[in-house]
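Laboratory data are not the source of any read-out in this text; all were calculated from the coordinates shown. Just so we're clear, the structure is a prediction, and the values are computed from it rather than from any experiment. With ideal geometry, Cβ positions are generated from the backbone for all residues, glycine too; neighbour counts draw on all protein chains shown.
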Amino acid sequence: MKAEKNKVVTVNYTLSTFEQEGMPETTVEETNAEHPFVFLYGSGDLLEDFESALANKVKGDKFDFRIAYERGYGPVHVDHIVNVPLEAFKDKEGNIDDEMVYVGNVLPMQDHEGNHLQGLVSEITDVHVKMDFNHPLAGKNLHFIGEILDIRPASLEELSHGHVHGPGGHHH
């Protein structure tokens with residue numbers, strides 16, 4: 001069976017990022033046999049180049065491919081880095097939860113229209129918290145090395161919901 005539209009594909013991979021070809025890489029994610037990455041091929045939820053690189057592969061095939069940041073999560077947008085008033089993080093007593101608001105932590109936030117966002121705390125001053133709302137992999141070139149562990153037909157329920165159910169997938 002081949003990796004193609006409407007198939008559930010299970011892969012094991014290491015994802016690294018790099019600035020330029022030939023430069024050192026930084027590992028940012030690793031799956032393993034106990035916790036593989038399972039997805040519905042062709043659902044539109046993944047990077048187009050990720051799926052394209054796996055097209056027509058079969059169980060046991062290995063892969064090694066790169067995705068330039070422009071085709072991945074795009075460039076870093078400076079307008080997605082904002083200063084949020086420190087007051088927004090204070091409780092009724094005027095205190096800030098130091099276990100939540102610290103440099104390097106990712107906080108769930110909401111914009112003025114109610115959209116949910118994830119923001120990285122990059123700086124804290126006496127008047128603001130600098131938040132970076134870019135995707136964590138924005139501006140990064142991606143390098144995937146891995147193997148196809150399994151491929152199976154998607155169930156009718158998975159197809160109608162647009163995602164994988166069961167082990168490694170979504171549970172309702």
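Would you pull out the residues with amide H under 5 Å of GLU25's amide H, same chain only if 5 or more places away, H placed 1.01 Å from N?
Those lying under 5 Å, H to H, from GLU25: there are none.
What are the ³J(HN,Hα) values, in whole Hz, obtained from phi via the Karplus relation 6.51 cos²θ - 1.76 cosθ + 1.60 with θ = phi - 60°, for each residue of region 123-129 in sequence order, with x given for Gly and Pro?
The phi angles translate into 6, 10, 10, 6, 10, 8, 10 Hz.
Starting from the Cα of GLU87, step 7 Å toward the Cβ, then list every residue of region 96-123 with an amide N under 16 Å from that point.
Only 96 fall inside the zone, counting backbone N under 16 Å.
What is the chain's relative contact order, in percent, from Cα pairs under 8 angstrom and six or more apart in sequence?
Relative contact order for the chain comes out at 35 percent.
With unit charges on the beta carbons (Lys and Arg positive, Asp and Glu negative) and the dipole taken about the Cα centre of region 1-112, which residue among THR27, GLN110, VAL84 sits farthest to the positive side?
After comparing all options, I get THR27.
To the nearest Å, what is the center-to-center distance of region 69-143 and region 1-17, using C-alpha atoms only?
31 Å
Mind ordering 107-118, 126-137, 71-82, 23-34 by average Cβ neighbours within 10 Å, highest first?
Final packing ranking: 126-137, 71-82, 23-34, 107-118.
Which whole number in µm²/s is D for region 1-90 by Stokes-Einstein, with the Kirkwood Rh taken over Cα pairs at 10 °C and 1.306 mPa s?
The estimated diffusion coefficient comes to 100 µm²/s.
On a full-extension model of 0.36 nm per residue, what is the gain between LEU46 and MET109, subtracting their alpha-carbon distance, rounded to one decimal in nm?
Going from the current span to full extension adds 20.3 nm.
Near the amide H of ASP61, under 5 Å away, which other amide H atoms are found, from residues 5 or more places off or on another chain, if H is placed in the peptide plane?
Counting only residues 5 or more places away or on other chains, the set is ILE148.
To two decimal places, what compactness ratio does region 78-132 give when its Cα radius of gyration is scaled by 2.2 N^0.38 Å?
Rg over 2.2 N^0.38 Å, computed on Cα atoms: 1.08.
Is any residue of region 96-119 close enough, with backbone N under 14 Å, to a label point placed 7 angstrom from the Cα of PHE133 along the Cα-Cβ axis, and if so, which?
107-119
Just how large is the dipole of region 78-132 about the Cα centre, in debye to the nearest 20, putting +1 at every Lys and Arg Cβ and -1 at every Asp and Glu Cβ?
Computed about the Cα centre, the dipole is about 40 debye.
Say R0 is 30 Å: what FRET efficiency, to the nearest 0.05, do HIS77 and ALA53 get from their beta-carbon distance?
With a Förster radius of 30 Å, E is 0.70.
Given charges of +1 on the Cβ of Lys and Arg and -1 on the Cβ of Asp and Glu, with all other atoms neutral, how large is the dipole of the chain about its Cα centre, in debye to the nearest 20?
800 debye
To check my understanding: the extent here is largest minus smallest coordinate of the Cα atoms along each principal axis. What are those three numbers for the chain, in Å, largest first?
60, 44, 28
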